[in-house]
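Visitor: Before I ask anything, let me first share the structure, which is written out below as structure tokens.
The values are calculated or read from the model by the stated rules, or taken from the named source; none is laboratory data. Since this is a predicted model, take the numbers as computed values, not measurements. When we count neighbours, we look across all protein chains shown, and the Cβ atoms used for this are built from the backbone with ideal geometry, even at glycine. We work out accessible area using only protein heavy atoms, side chains counted, and drop any ligands, DNA or RNA first. Shrake-Rupley method; radii C 1.70, N 1.55, O 1.52, S 1.80 Å.
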4 protein chains.
Amino acid sequence: MKKKISKSTEERILDAAIKIFSKKGYSAATTSEIAREAKVAEGTIFRYFPKKKELLHGILLKAIDIFGKEIIIKPLEEIIEENKDKSLEEILKVIIINRVKIFEEYFDYIKVILCEIQFHDDIRQLFIDKILKKIIETVERLVDIAKDRGEIKDIESMIIIRSVIGMVFMMLIQRQFVPLETSISNIEEEIDLIIDIFMNGIKKKD
Amino acid sequence: MKKKISKSTEERILDAAIKIFSKKGYSAATTSEIAREAKVAEGTIFRYFPKKKELLHGILLKAIDIFGKEIIIKPLEEIIEENKDKSLEEILKVIIINRVKIFEEYFDYIKVILCEIQFHDDIRQLFIDKILKKIIETVERLVDIAKDRGEIKDIESMIIIRSVIGMVFMMLIQRQFVPLETSISNIEEEIDLIIDIFMNGIKKKD
Amino acid sequence: MKKKISKSTEERILDAAIKIFSKKGYSAATTSEIAREAKVAEGTIFRYFPKKKELLHGILLKAIDIFGKEIIIKPLEEIIEENKDKSLEEILKVIIINRVKIFEEYFDYIKVILCEIQFHDDIRQLFIDKILKKIIETVERLVDIAKDRGEIKDIESMIIIRSVIGMVFMMLIQRQFVPLETSISNIEEEIDLIIDIFMNGIKKKD
Amino acid sequence: MKKKISKSTEERILDAAIKIFSKKGYSAATTSEIAREAKVAEGTIFRYFPKKKELLHGILLKAIDIFGKEIIIKPLEEIIEENKDKSLEEILKVIIINRVKIFEEYFDYIKVILCEIQFHDDIRQLFIDKILKKIIETVERLVDIAKDRGEIKDIESMIIIRSVIGMVFMMLIQRQFVPLETSISNIEEEIDLIIDIFMNGIKKKD
DNA sequence: CATGAATGAGCCTTCATTCAT
DNA sequence: TATGAATGAAGGCTCATTCAT
């Protein structure tokens, strides 16, 4: 029975920071705007985050927490376990739908992090070590399971992972930035199509 | 025998701006650093680009020029024409290799633009109208040709395009940011694999 | 027993601004010099006056306050009341001496405002509405009283007002800018002469 | 037989400078705007006036020329000569009307000079020596003539001069800046009233 | 002699950071 | 602990001035 405690000051600041960073970018965001958004005095921010950059670290740490612990490891293993008898397509669909939901929920985190890893070496390293590698490891296990089942070709796992992530990522990006009109009404249908392409290719068989 | 004329001041400034923007991000970049890089006085920048933001516009305009005129339209049609008799896989490979080269050559432009379209509505609109739509239109024609030839399944073109772009894009991103060790030595081999997945899927056929 | 509280930061900045503006003019004055004069950091100025121009507004607002509330309305009525039985000349003298004192005390305000109303429409409008019209209204009442008493000719009030103000104004200007040697030692004597000219003209009666 | 030669470059620059200075003030005016107004290149200005401030000097010199030679000395003497037999009022009226015309024609010069003498010692000194003293000397002669004729009271000439100048000046200022509605339709009528006040005072005689 | 591109000092302004309350 | 006034370094931008053409 989780009691909803009113957010701590630190949390409020971090939430505000994510919001502003994702809207303006890290550099263009100002601590004063973050303070206003968090409804604290500007000085208060610096009690918790003595340098502006530590807000970015704070965000990444929170992202590591969310993506790492709560999302990637546990649920993925669970999903596979719970769907042992299902086909690879079906498992993939469950996973992708789940990931997509998370992606959209934490879209602001992703935007900020993907942008800023270009400019901050420390942030990049942390991201690679604590998030990216974890994701890859986990997906790799999934691919290996599939390979063991003898269901997929013997292609370098990295390529496979990258491919499916790329396809899904592009779908998400498009949905966020360029809501071009497709005849495909809902996201589940889109995911089905992607999985179909991914699993069976686009070539017509005779 | 093209003689390399010494670059105009405006070009030098724009080149410097791209370099600095891609290294630090638009907001964190300073006009004084750009001036230093371009070897001009800071004031000179403002003769050509009265506001810092116009440097960003200048970059986008140049990107539109490069991607639009020189790369997308003409060459793609040529490639298809020249490879009429080849298989779809072969044509795709030629195209992707060509695109990848361009992508890597103008990687700084892409980084800057993709980051900043999030924060500047005008930049985003220009990008969508002048680059993205053009790319999609062109690739769509390619897909339609393939569909006409009866070589690929009847899937929504947008999904197909997005998928292949996503796969290639992820490959490029990885090569740029996370040079993880793969057993795949060169890019051509990687492209072959991507095309194979894209065309034939990853499912093993019995 | 009014205790002289140490001036607020805002007051110190405004006082410094008036001083520098009156010495150099608004445009030639720099915020850094004003900051130095006010003994605050340059950034502090912008906490109170986000744009340099708002310093000018601040000055005008203060002038409106001083000239409007404290000086023009109340004291003038009082003076007239208190000197009911005196001759017009005597009343005029009391008023002019009082005005002259104020004028000299706030000479910097006047210099700045009179110069800058030429260049800033908003400042001009405020000045006309809040100061000039008030002055004219008040003096007009005085003239009307004199006319009612039957002591002065029936000349358009505006002309009368303008004339006496012009005479006094010129005297003040001269005293400030061109301290030409006059045999008239003190200002009271000068005022007497002006009043004499104003009341009786310069023509010798036979 | 004055031939109207097309204005020299120097003249065009000076005319442009007066125009811009009077609109924006000396400091806020830019050499580039002056160049545009004068239809010359920015560099050209500096062939004739190596420092911006020399434009101000140039303007003052031109004003000295206009006010000094052409206007004050010669015509005033002429007017007095030609109107020997007329009354002082009539002579005064002729003079004032003439002065007013000049004042309005060269209003931009006056505005610029009166503003800037506050901030530039050299300009002020020149103005006092070459214009103000000349005006005073001349008017003084006029007053002395009147005194000799026994027509006016024996008041310090300076006071007399200042008074009439102040009255006229205020009238002009008002006409320029605050065109308040007067029942007096035309300027001649106003001048008549001013002269009347000045000569006969405002007191009703019994 | 005229041009206008280039300069760079210095301006107004912002904003991360400090610190007395 | 929280505040917000004060700071001052640094940024974007302007503009008088120079100089090669």
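Visitor: Which order do you get for A:E190, C:E189 if you rank them by accessible area with a 1.4 Å probe, largest at the top?
Guide: C:E189, A:E190
Visitor: OK, next. Treating the beta-carbon of each Lys and Arg as +1 and of each Asp and Glu as -1, no other charges, what is the dipole magnitude of region C:74-137 about its Cα centre, to the nearest 20 debye?
Guide: The dipole magnitude comes to about 80 debye.
Visitor: Now a separate question. Please give the calculated 222 nm ellipticity per residue for chain C, where each DSSP H segment of at least 4 residues contributes -39500 (n - 2.57) and the sum is spread over every residue; nearest 500 deg cm²/dmol?
Guide: For chain C, the value works out to -21000 deg cm²/dmol.
Visitor: From Cα pairs below 8 angstrom and at least 6 apart in sequence, can you work out the relative contact order of chain A, rounded to a whole percent?
Guide: The normalised contact order for chain A reaches 20 percent.
Visitor: List the accessible area buried at the contact between A and B, summed over both sides and calculated with a 1.4 Å probe, in Å² to the nearest 100.
Guide: In total, chains A and B hide about 5000 Å² from solvent.
Visitor: I'd like the Karplus ³J(HN,Hα) series for region D:14-20: coefficients 6.51, -1.76, 1.60, θ = phi - 60°, whole numbers in Hz, and an x wherever there's a Gly or Pro.
Guide: For region D:14-20, the Karplus curve yields 5, 4, 5, 4, 4, 4, 6 Hz.
Visitor: Same structure, new question: What ranking of D:E11, B:E151 comes out by heavy-atom accessible area, probe 1.4 Å, highest first?
Guide: Of D:E11, B:E151, the descending order of accessible area is D:E11, B:E151.
Visitor: Now, a different point. On a 0 to 90 degree scale, rounded to 10, what angle separates helix C:107-116 from the longest Cα axis of chain C?
Guide: The angle comes out near 80 degrees.
Visitor: So what's region A:7-50 giving for Cα Rg divided by 2.2 N^0.38 Å, two decimals? Intermediate results must be reported in sequence, preceding the final value.
Guide: Working: Rg = 9.3 Å, N = 44, 2.2 N^0.38 = 9.3 Å.
So the Cα radius of gyration is 1.00 times the expected 2.2 N^0.38 Å.
Visitor: Follow-up. I'd like the carbon and sulfur percentage of the solvent accessible area for the protein assembly as shown, probe radius 1.4 Å, heavy atoms only, ligands and nucleic acids excluded. Show your work: numbers first, answer last.
Guide: Numbers: 22500 of 42380 Å².
Carbon and sulfur together cover 53 percent of it.
Visitor: Here's a follow-up. Can you compute 3J(HN,Hα) from phi for each residue in region D:85-93, using the Karplus curve 6.51 cos²θ - 1.76 cosθ + 1.60 with θ = phi - 60°, rounded to whole Hz and x for Gly and Pro?
Guide: 8, 7, 6, 4, 4, 5, 4, 4, 5
Visitor: Sticking with this one: Rank A:L60, A:S32, A:F46 by how far each Cα sits towards the positive end of the charge dipole of region A:1-62 (+1 on Lys, Arg Cβ; -1 on Asp, Glu Cβ) and give me just the farthest.
Guide: A:L60
Visitor: Report Rg/Rh for the protein assembly as shown, rounded to two decimals, where Rg is the Cα radius of gyration and Rh the Kirkwood radius. Walk me through the numbers on the way to the answer.
Guide: Values: Rg = 41.3 Å, Rh = 34.6 Å.
Computed over Cα atoms, the ratio is 1.19.
Visitor: Within 10 Å of each Cβ of A:152-160, how many other protein chain Cβ atoms are there on average?
Guide: 6
Visitor: Could you give the size of the charge dipole of chain B about its Cα centre, using +1 on the Cβ of each K and R and -1 on the Cβ of each D and E, expressed in debye and rounded to the nearest 20?
Guide: Approximately 920 debye in magnitude.
Visitor: What order, most packed first, do the peptides C:55-64, C:128-137 have when packing is the mean number of other Cβ atoms within 10 Å of each residue?
Guide: Packing order, densest peptide first, comes out as C:55-64, C:128-137.
Visitor: For region A:59-200, take the convex hull of the Cα atoms, compute a quarter of its surface area, and give me that in nm², please.
Guide: Average of the hull's projected areas for region A:59-200 equals 9.0 nm².
Visitor: Would you work out the charge dipole size for the protein assembly as shown about its Cα centre, treating the Cβ of every Lys and Arg as +1 and the Cβ of every Asp and Glu as -1, and quote it to the nearest 20 debye?
Guide: Around 1380 debye, computed over the protein assembly as shown.
Visitor: Here is a further query. Hey, what angle do you get for helix C:133-148 against the long axis of chain C, alpha-carbon based, 0 to 90 degrees rounded to 10?
Guide: Taking the Cα atoms of chain C, the angle to C:133-148 is about 10 degrees.
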